[in-house]
Every structure is written in C-alpha cells, then in structure tokens.
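For reference, the structure is listed below as structure tokens.
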Amino acid sequence: MHATALLHLLQLASPSLPIGAYSYSQGLEAAMESGLVTDAASARAWIVDTLHQVVARFEAPVLWRLLQAFSARDEIAVASWTEQFIAARDTAEFRAETIQMGYSLGKLMTDLQIDDGGLLALLQAQAEIPLPTAYAYAAVALNVPADAALLGMLFSWAENQVLVCVKSVPLGQVAGQRLLLSLQPELALAAESASTLADEDMSSWSPGLSLLSMRHEVQYSRLYRS
C-alpha cells in the first residue's frame with residue numbers, strides 16, 4: 001500500500017476519530033450486566049463470537065459491497081446496501097448508533113474538504129447515512145484499498161470492544177493489549193470471509209444480541225449508549 005493511503009487508513013481506524021465510537025459498547029455492557037462477560041477469557045469469547053457470528057456475516061460484507069459500489073460510482077448499489085443495513089438494525093440503540101456515527105463521519109469528511117471526484121454527491125443522496133456507508137465513502141475518497149479498509153474497520157471495531165472491557169470488566173492495560181493481539185488471526189479470518197461471502201449467505205440474525213440491546217435501553221446504570 002502507498003504510504004499516503006496507509007496513513008489515511010490509520011486516521012480512519014484511529015480511536016481519536018471524532019465520531020463518538022468510544023461512547024458505544026454494541027451490547028457488550030449489557031452482556032457484562034448479565035454476567036456473560038466477567039474476565040479476560042469470557043471477554044475474548046464474547047468478542048470472537050460476535051466477530052464471526054454477527055460482524056463478519058453482515059456488517060463487514062455490507063461494507064465490502066459499499067466499497068465496491070462507491071469505487072464504481074454505482075448509486076443504485078450504494079442506496080440499496082445503505083437501506084438494507086439500516087433496516088437490519090433491529091433495536092433503537094443499534095439504529096441510533098450507526099446513524100449518529102455515520103452522520104459524524106460524513107460531516108467530518110465534508111468539513112475536511114477531501115477532493116473525492118464527485119463521490120460526496122453519492123453520499124449526500126442517502127436519506128440517512130449509517131456508519132458503513134460513510135466509512136466506505138471516506139475510504140474510497142482517500143484512495144484506501146478495499147481490502148485494507150475492510151481490515152481497518154474490523155480492527156477499529158475490535159479495539160473499541162477491548163477498550164470497553166479494559167474500562168468496565170475491568171481488565172488491566174496489559175491484559176487488554178494481550179487480548180487485542182490475540183484477536184489478529186480472528187480479524188484476518190473475518191475479513192477473508194466478509195469479502196467472499198455470497199449475498200444469499202449474509203445474515204443479520206442475532207436474537208441474543210438483540211435482546212441484550214433491548215435490555216440495555218432500560219438498564220439502570222450504564223456508561224455506554226448501546
């Protein structure tokens with residue numbers, strides 16, 4: 001990868017990107033409240049299961065298709081996959097999360113005045129912008145290769161999950177870094193699966209996670225917004 005593209009990817013995947021990702025746990029806080037995640041071993045099991053059974057089966061494949069659609073300037077595909085992703089957010093918190101972060105990333109890219117060769121019009125044509133759509137737009141506009149952009153998104157997701165565990169299980173900083181390091185082969189497998197999964201094999205079916213998300217909406221004490 002060209003150095004410029006690599007630096008752009010590092011910026012997109014950085015936890016300091018001001019889109020509010022740190023304020024969401026994506027159901028993990030509810031899993032802790034329910035006693036499903038209590039230590040480093042159960043935290044790793046939760047993250048790996050969610051990665052392969054949820055993220056790699058729908059969120060990451062949708063991102064992969066959006067990357068291709070923006071690269072091809074295919075407005076029909078961009079609109080279709082954007083609508084399907086939003087429709088698959090089956091709780092209020094999950095829907096609000098992706099719309100808020102998608103809006104923030106889209107606004108950030110607009111404010112930075114990235115020369116995107118007309119891609120911004122494709123993004124702004126969407127009635128609502130979820131995070132995968134905004135991220136795909138940003139990656140293509142910044143000339144980040146699709147395979148690297150996909151892996152960067154997966155790493156960013158995993159890093160945020162680990163940070164939630166470090167702060168809330170709690171785990172020590174070293175334990176958190178050990179956990180993140182151990183996830184590398186899992187992330188590579190998830191990226192390979194997401195980029196080769198056929199449309200008919202995609203699935204957002206994760207009732208256990210959805211139930212935890214709904215419980216989190218009324219959880220008495222919480223640090224995160226999902």
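Quick note: the coordinates plus some simple rules give every number you see, no bench work behind them. None of the values given here were measured: they were computed from a predicted structure. Positions of Cβ are generated from backbone atoms using ideal geometry, with glycine treated the same way; all protein chains shown enter the neighbour counts.
Overall size of the range 132-172 from C-alpha positions, given as principal axis extents largest first: 38, 16, 12 Å.
At a 10 Å Cβ-Cβ cut-off, how would you order 101, 214, fewest neighbours first? Don't jump to the answer; show the numbers that get you there.
On the way: 101 22, 214 17.
Arranged by neighbour count, lowest to highest, 101, 214 become 214, 101.
When the helices of the chain are scored as -39500 (n - 2.57) per DSSP H run of n ≥ 4 and the total is divided over every residue, the value at 222 nm lands at -20500 deg cm²/dmol.
With N residues in the range 28-134, what two-decimal value do you get for its Cα radius of gyration over 2.2 N^0.38 Å?
Details: Rg = 16.2 Å, N = 107, 2.2 N^0.38 = 13.0 Å.
Compared with the compact-globule rule of thumb, the range 28-134 sits at 1.25.
Measuring nothing but how far apart in sequence close Cα pairs (under 8 Å, 6+ apart) lie, relative to its length, the range 32-121 scores a relative contact order of 17 percent. For the chain, the orientation-averaged shadow of the C-alpha convex hull comes to 11.7 nm² (one quarter of the hull surface).
Could you tell me which helices of the chain pass both thresholds, a Cα extent of 24 Å or more along their own axis and a mean Kyte-Doolittle hydropathy of at least -1.0, with helices taken as whole DSSP H runs?
Working: long enough: 92-111 (28 Å, -0.22); 146-168 (33 Å, 0.93).
Once both thresholds are applied, what remains is 92-111, 146-168.
Taking every alpha-carbon pair under 8 Å whose residues sit at least 6 apart, the range 24-217 reaches a relative contact order of 38 percent. Of the chymotrypsin sites (Phe, Trp or Tyr not before Pro) found in the range 100-208, the ones in coil according to DSSP and having at most 15 other Cβ atoms within 10 Å of their Cβ are 205.
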